[in-house]
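Engineer: Have a look at this one.
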Number of protein chains: 2
Amino acid sequence: MARLTIHDVAIEAGVSDSTVSRALRGLDRVDPGTRMRVEEAAKRLHFTFSRNASSLASGRTMRVTLLFAGAVNTWFNSSVMQGAYEVLAPAGYDIVPLITPDKQSQDRYFEMLPGNRNADAIIVTSFDLDKDKLRLLEGLTMPTIGLDSRTQDGYDASVRLDARQAMMEAVQLLHSLGHQRLGYVQQASMHEFAFSVKSRSESFLTAAKTCGYRQRDLVMLGEGVRGDGYSFEDAVSTAAASLLSTPDRPTALCVETDEFAVALIARLRRFGVRVPEDMTVIGFDDSGIAPVADLTTIHQDPVHMARLAATQAIALMNHLRMEQPHTLVGTRLILRGTSAPAPSVQR
Amino acid sequence: MARLTIHDVAIEAGVSDSTVSRALRGLDRVDPGTRMRVEEAAKRLHFTFSRNASSLASGRTMRVTLLFAGAVNTWFNSSVMQGAYEVLAPAGYDIVPLITPDKQSQDRYFEMLPGNRNADAIIVTSFDLDKDKLRLLEGLTMPTIGLDSRTQDGYDASVRLDARQAMMEAVQLLHSLGHQRLGYVQQASMHEFAFSVKSRSESFLTAAKTCGYRQRDLVMLGEGVRGDGYSFEDAVSTAAASLLSTPDRPTALCVETDEFAVALIARLRRFGVRVPEDMTVIGFDDSGIAPVADLTTIHQDPVHMARLAATQAIALMNHLRMEQPHTLVGTRLILRGTSAPAPSVQR
DNA sequence: CTGAAAGCGCTTACAG
DNA sequence: CTGAAAGCGCTTACAG
């Protein structure tokens, strides 16, 4: 049970430590016969490299940090982990998640970032960083990849959703279904920095204007940041109450996430609003609940986005020059049972 | 931008490297004044320890491996990551996920495990390992924690669900609702080793017998391992077809997971089977879709289970003797809208 | 193609 | 309470 080192393998194979190192890492300049003997010796002894020692000596940690603003057991974040793992693991990298759930821990992390040598790259997911932090990222020697970031500023590479196109499709659908008044429901975020969902509401407005809707045909719900005590259920109640009490109620809604859309639909139905007959609802994400709830929604694929981000991370770590470091990923509108023609045009 | 070392801090603070190391790690035997100066110097320089160097020197990697049999973007696995993170991160440990999706990669991983020095502990999630691998785990110097494992054998500590009690509650409910014939639906796993869900079906049978059901009152669906091409949808179809074609159809089902239960319900309804009027369905997990689908189910909390496992990991890494290394976690039956009295007793 | 030696950035007895 | 020195297990020029 003694800890094996490269030296044990060297003795077993009758060569020097350096040769073992080279042979096992598949470098050239090793005699094929020698390599064979070393590999067999290593296998016989169940030898494994100490990643710490390798890293220390080589200066490469073979680790990439995945920075999250909130829990990893969400549909989006866990998909990001999976996608990143799929491309990073085969390339020999460990992924290590890091969560900075509040401003304080985020500040602390960024403060020590410049001196951090514990990763070869960092993938930052769904952060909306201020100018200072972005500048800090730019100064980093380690490559930084923005995933679902608000903008591409400050990152060496980024993968973002084309929110503009996504909302355009959705609004055009509503328009062609004859809906005259539209609503956008935002899920009032707890963190001022988490998720760049603001771009969705902005894109909604832009799309609506483009399609000819006037300001008074649009109602925006759930805007602004709420305090700590403000729960998901509170947000649902607030949004439902606003909708039910609005004199000139919209007949179609775009909702920030599927999760929120589904909860809102349940609440509305309880109060006699029929979906989709009285109210069309379009979600965002196409996460697991969307098909279950038969929800019309905007499909995005975070696993795929994370694969792209990880691929870029690898390129950057290998100092490859990238022709297109910043990617805008498209979405797809998925028609299901929560959308219908406006009541006025229904027979 | 030169990489800072402990030595830079030592010079800045006017002390030796050793003193910096001791001061920054909060060890005793350091003069309070000295400690202050060192801490300030470190902060001024944005110094961060190289975890690789620390690990190599101390022999502790400050890393724990989370071993999964499948994708991490599932409800269960992502919850495990979250729970493990919550207790491991504050204690200074990184968590690094490792997925062995097939027998081959699993074998490869276990083969190199004995020589592995890249983690201080390993949490094995939802594996059903054979005798050889369990023996291998026992021989490991590194503590091994089983989470949702089939048994506690081979692990230094374990956290498992009390499947027996869980199914007992469910079956008792069905019994008291007057259901005479029961079904259990299994989701035919792709991997022979993944998830110890077998214990659920076994527990179902035991519970049913205990409640007085005879073998001919029980139908077991979806047993056995399927090939690679066998999809989730295939499994749903197969189960639904079996149910619809059974001459003496059961009036109540326990289903292995919520996900499968919800899909099965949708399929059954499409063929005119009313849930819960004609068929009661009870899921397992109480994951996100359960409330959305208004599904009666058995609640478990993998985040909590992972927190327990991580707590045990920390204790073991600190060589603490544990009074109760093996925990059996209870479940709760959650009544929702997919369960009702048997048709025969309905007015 | 191969080996001896220095060095990566820490920790840890060992002295003092 | 503090410092000098050895050592953790590798990698990497540098010779040969």
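Engineer: Return the total of residues in region A:254-298 being more than 24 Å from residue A:205 (Cα to Cα), over 22 Å from the mean Cα position of the chain (by Cα) and either hydrophobic (A, V, I, L, M, F, W, C) or in a strand (DSSP E or B) (or both).
Structural biologist: Matching residues across region A:254-298 total 5.
Engineer: Turning to a different aspect of this structure: Just one of the numbered conditions (1) under 17 Å from the mean Cα position of the chain (by Cα); (2) assigned to a loop (DSSP other than H, G, I, E, B) is not true of residue B:160; which one?
Structural biologist: Condition not satisfied by residue B:160: (2).
Engineer: Okay, next question. How many of the residues making up region B:11-22 are more than 19 Å from residue B:62 (Cβ to Cβ) and free of Cβ contacts under 8 Å to residues at least 24 places away in the same chain?
Structural biologist: Total meeting the criteria: 7.
Engineer: Do the conditions hold for residue B:63, that is, is it near DNA strand C (Cβ under 10 Å from one of its atoms) and not hydroxyl-bearing (Ser, Thr, Tyr)?
Structural biologist: Criteria not met by residue B:63.
Engineer: Of all residues being more than 8 Å from chain A (Cβ to nearest Cβ) and within 19 Å of residue A:64 (Cβ to Cβ) in region B:85-97, which is surrounded by the fewest Cβ atoms within 10 Å (Cβ to Cβ)? Just the residue, please.
Structural biologist: First, the residues of region B:85-97 that are more than 8 Å from chain A (Cβ to nearest Cβ): B:86-88, B:90-93.
Retained after the next criterion (residues that are within 19 Å of residue A:64 (Cβ to Cβ)): B:88, B:93.
Numbers: B:88: 25, B:93: 23.
If we take residues in region B:85-97 being more than 8 Å from chain A (Cβ to nearest Cβ) and within 19 Å of residue A:64 (Cβ to Cβ), then B:93 is surrounded by the fewest Cβ atoms within 10 Å (Cβ to Cβ).
Engineer: Across region B:24-60, what is the number of residues that are near DNA strand D (Cβ under 7 Å from one of its atoms), of a type in the set (A, V, I, L, M) and either surrounded by 18 or more Cβ atoms within 10 Å (Cβ to Cβ) or away from every other protein chain (no Cβ under 14 Å) (or both)?
Structural biologist: Summing the residues that are near DNA strand D (Cβ under 7 Å from one of its atoms), of a type in the set (A, V, I, L, M) and either surrounded by 18 or more Cβ atoms within 10 Å (Cβ to Cβ) or away from every other protein chain (no Cβ under 14 Å) (or both) in region B:24-60 gives 2.
Engineer: Would you mind stating whether residue A:8 is more than 33 Å from the chain's Cα centre (by Cα) and more than 30 Å from residue B:138 (Cα to Cα)?
Structural biologist: no
Engineer: Looking at region B:176-199, is at least one residue in a helix (DSSP H, G or I) and either modelled with pLDDT under 95 or at positive phi (or both)?
Structural biologist: We begin by selecting, within region B:176-199, every residue in a helix (DSSP H, G or I); these are B:176, B:198-199.
Restricting the remaining residues to those that are either modelled with pLDDT under 95 or at positive phi (or both) gives B:198-199.
Yes, some residue in region B:176-199 is in a helix (DSSP H, G or I) and either modelled with pLDDT under 95 or at positive phi (or both).
Engineer: For region B:250-273, which residues satisfy the criterion of being modelled with pLDDT under 95 and of a type outside the set (A, V, I, L, M)?
Structural biologist: The answer is B:256, B:257, B:258, B:259, B:260, B:267, B:269, B:270, B:271, B:272.
Engineer: So residue B:10 fits all but one of (1) under 30 Å from residue A:83 (Cα atoms); (2) of a type outside the set (Phe, Trp, Tyr); (3) within 16 Å of DNA strand D (Cβ to nearest atom); (4) touching an Asp or Glu at 6+ places or on another chain (Cβ under 7 Å); what number is the exception?
Structural biologist: Looking at each condition in turn, residue B:10 falls short on (1).
Engineer: Something else now. Check region B:104-114 and report whether any residue there is more than 16 Å from DNA strand D (Cβ to nearest atom), over 28 Å from residue A:115 (Cβ atoms) and at pLDDT 95 or above.
Structural biologist: Checked region B:104-114: no residue is more than 16 Å from DNA strand D (Cβ to nearest atom), over 28 Å from residue A:115 (Cβ atoms) and at pLDDT 95 or above.
Engineer: Then there's this: If I filter region B:66-84 for residues that are of a type outside the set (Val, Ile, Thr), in contact with a strand residue (DSSP E or B) (Cβ under 8 Å, 6 or more places away or on another chain) and free of Cβ contacts under 8 Å to residues at least 24 places away in the same chain, do I get at least one hit?
Structural biologist: No - not one qualifying residue is present in region B:66-84.
Engineer: Another one. Given the options B:159, B:80, name the one that is within 23 Å of residue B:319 (Cβ to Cβ) and at pLDDT 90 or above.
Structural biologist: Checking each option against the conditions leaves just B:159.
Engineer: Hey, among the residues in region B:202-247 that are over 28 Å from the mean Cα position of the chain (by Cα) and at pLDDT below 90, which one's surrounded by the most Cβ atoms within 10 Å (Cβ to Cβ)?
Structural biologist: Checked region B:202-247; the qualifying residue surrounded by the most Cβ atoms within 10 Å (Cβ to Cβ) is B:246.
Engineer: Can you confirm whether residue A:152 is more than 7 Å from chain B (Cβ to nearest Cβ), part of a helix (DSSP H, G or I) and either more than 13 Å from the chain's Cα centre (by Cα) or not aromatic (Phe, Trp, Tyr) (or both)?
Structural biologist: For residue A:152, the condition - more than 7 Å from chain B (Cβ to nearest Cβ), part of a helix (DSSP H, G or I) and either more than 13 Å from the chain's Cα centre (by Cα) or not aromatic (Phe, Trp, Tyr) (or both) - is not met.
Engineer: At the interface with another protein chain (Cβ under 10 Å from one of its Cβ atoms) and touching a residue at least 60 places away in the same chain (Cβ under 8 Å): does that describe residue B:127?
Structural biologist: Details: at the interface with another protein chain (Cβ under 10 Å from one of its Cβ atoms): no; touching a residue at least 60 places away in the same chain (Cβ under 8 Å): yes.
Judged against the criteria, residue B:127 is not a match.
Engineer: Considering each of B:87, B:96 in turn, give the residue that is touching a Lys or Arg at 6+ places or on another chain (Cβ under 8 Å), away from DNA strand C (no atom under 12 Å from the Cβ) and part of a helix (DSSP H, G or I).
Structural biologist: Details: B:96 fails: part of a helix (DSSP H, G or I).
Step by step, each of B:87, B:96 is checked, and only B:87 is touching a Lys or Arg at 6+ places or on another chain (Cβ under 8 Å), away from DNA strand C (no atom under 12 Å from the Cβ) and part of a helix (DSSP H, G or I).
Engineer: Could you count how many residues in region A:1-50 are more than 10 Å from DNA strand C (Cβ to nearest atom), part of a loop (DSSP other than H, G, I, E, B) and not β-branched (Val, Ile, Thr)?
Structural biologist: Result for region A:1-50: 10.
Engineer: Now, a different point. Got at least one residue in region A:314-335 being at pLDDT 95 or above and surrounded by 24 or more Cβ atoms within 10 Å (Cβ to Cβ)?
Structural biologist: no
Engineer: Out of contact with any helix residue (DSSP H, G or I) (no Cβ under 9 Å at 6 or more places or on another chain), over 23 Å from residue A:259 (Cβ atoms) and in contact (Cβ under 8 Å) with a residue 12 or more places away in the chain: is that true of residue B:238 in this structure?
Structural biologist: yes
Engineer: Another question, if that's okay. Return the only residue of A:294, A:278, A:286, A:258 being surrounded by fewer than 24 Cβ atoms within 10 Å (Cβ to Cβ), closer than 13 Å to residue A:76 by Cβ and in contact (Cβ under 8 Å) with a residue 12 or more places away in the chain. Walk me through it before giving the result.
Structural biologist: Numbers: A:294 fails: closer than 13 Å to residue A:76 by Cβ; A:278 fails: closer than 13 Å to residue A:76 by Cβ; A:258 fails: surrounded by fewer than 24 Cβ atoms within 10 Å (Cβ to Cβ).
The unique qualifying residue is A:286.
Engineer: Check residue B:102 against each of (1) more than 12 Å from chain A (Cβ to nearest Cβ); (2) free of Cβ contacts under 8 Å to residues at least 40 places away in the same chain; (3) surrounded by fewer than 19 Cβ atoms within 10 Å (Cβ to Cβ) and name the one condition it does not meet.
Structural biologist: All conditions pass for residue B:102, except number (2).
Engineer: Residue B:113 fails exactly one of the following numbered conditions: (1) surrounded by fewer than 16 Cβ atoms within 10 Å (Cβ to Cβ); (2) under 26 Å from residue B:56 (Cβ atoms). What is the number of that condition?
Structural biologist: Result: residue B:113 passes all but (1).
Engineer: Yes or no: residue B:3 touching a residue at least 24 places away in the same chain (Cβ under 8 Å), more than 12 Å from DNA strand D (Cβ to nearest atom), within 12 Å of another protein chain (Cβ to nearest Cβ) and of a type in the set (Lys, Arg)?
Structural biologist: On the way: touching a residue at least 24 places away in the same chain (Cβ under 8 Å): no; more than 12 Å from DNA strand D (Cβ to nearest atom): yes; within 12 Å of another protein chain (Cβ to nearest Cβ): yes; of a type in the set (Lys, Arg): yes.
It is false that residue B:3 is touching a residue at least 24 places away in the same chain (Cβ under 8 Å), more than 12 Å from DNA strand D (Cβ to nearest atom), within 12 Å of another protein chain (Cβ to nearest Cβ) and of a type in the set (Lys, Arg).
The values are calculated or read from the model by the stated rules, or taken from the named source; none is laboratory data. Please read all numbers here as calculations on a predicted model, not as lab measurements. Cβ atoms come from the backbone with ideal geometry, glycine included; neighbour counts cover every protein chain shown.
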